[in-house]
Amino acid sequence: QVQFVESGGALVHSGGSLRLSCVVSGIILSDTPMAWYRQAPGKEREWVAAISGLGNPNYIAPVKGRFTISKTNAKNTVYLQMNSLKPEDTAVYYCHGPGRPNDAWGQGTQVTVSS
């Protein structure tokens with residue numbers, strides 16, 4: 001059974017940093033693209049960053065240069081390093097396989113950035 005367990009969210013001041021982790025079970029990370037998503041209050045969930053099975057990253061424009069997605073295949077874990085955080089980054093962050101719409105979403109991890 002596929003499962004995503006996110007952690008690492010916290011309340012930080014603007015300009016601060018956080019590292020999110022996502023432990024994945026039921027998926028071979030070296031074969032599967034993975035992504036981080038976020039959902040802010042009152043907004044749709046949006047894709048933030050993705051990493052291919054080979055480790056090639058992609059980002060949405062607002063986080064490019066500030067966020068870094070990475071993974072450790074042997075630990076079945078995907079990471080999101082977030083630097084220079086802004087209040088508009090406040091959201092619940094989720095990881096998921098972008099090509100796996102039938103997999104259940106995890107509980108997410110709350111990131112709150114105060115101004």
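Below are the figures for this structure:
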{"item": "Residue count, region 79-91 (criterion: hydroxyl-bearing (Ser, Thr, Tyr) and open to solvent by 50 Å² or more (accessible area, probe 1.4 Å))", "result": "1"}
{"item": "Yes/no for residue 107 being open to solvent by 70 Å² or more (accessible area, probe 1.4 Å) and touching a Gly at 6+ places or on another chain (Cβ under 8 Å)", "result": "no"}
{"item": "Of residues in region 71-91 being outside any helix (DSSP H, G or I) and of a type in the set (D, E, K, R), the one farthest from residue 7 (Cα to Cα)", "result": "86"}
{"item": "Output for region 61-78, where each listed residue is surrounded by 14 or more Cβ atoms within 10 Å (Cβ to Cβ) and among the hydrophobic types (A, V, I, L, M, F, W, C)", "result": "63, 67, 69, 78"}
{"item": "Condition check for residue 102: open to solvent by 70 Å² or more (accessible area, probe 1.4 Å) and in a strand (DSSP E or B)", "result": "no"}
{"item": "Number of positions in region 44-53 that are touching a residue at least 12 places away in the same chain (Cβ under 8 Å) and more than 19 Å from residue 85 (Cα to Cα)", "result": "3"}
{"item": "Given (1) open to solvent by less than 80 Å² (accessible area, probe 1.4 Å); (2) farther than 14 Å from residue 17 by Cα; (3) not in a strand (DSSP E or B), number of the condition residue 94 does not satisfy", "result": "(3)"}
{"item": "Residue 98 being more than 13 Å from residue 4 (Cβ to Cβ) and of a type outside the set (Val, Ile, Thr)", "result": "no"}
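The values are calculated or read from the model by the stated rules, or taken from the named source; none is laboratory data. Remember, it's a predicted structure, so these values are computed and weren't measured experimentally. Because the Cβ atoms are built from the backbone with ideal geometry, glycine has one as well, and the counts that use them run over all protein chains shown. Note: areas computed on protein heavy atoms with side chains; ligands, DNA, RNA excluded. Shrake-Rupley method; radii C 1.70, N 1.55, O 1.52, S 1.80 Å.
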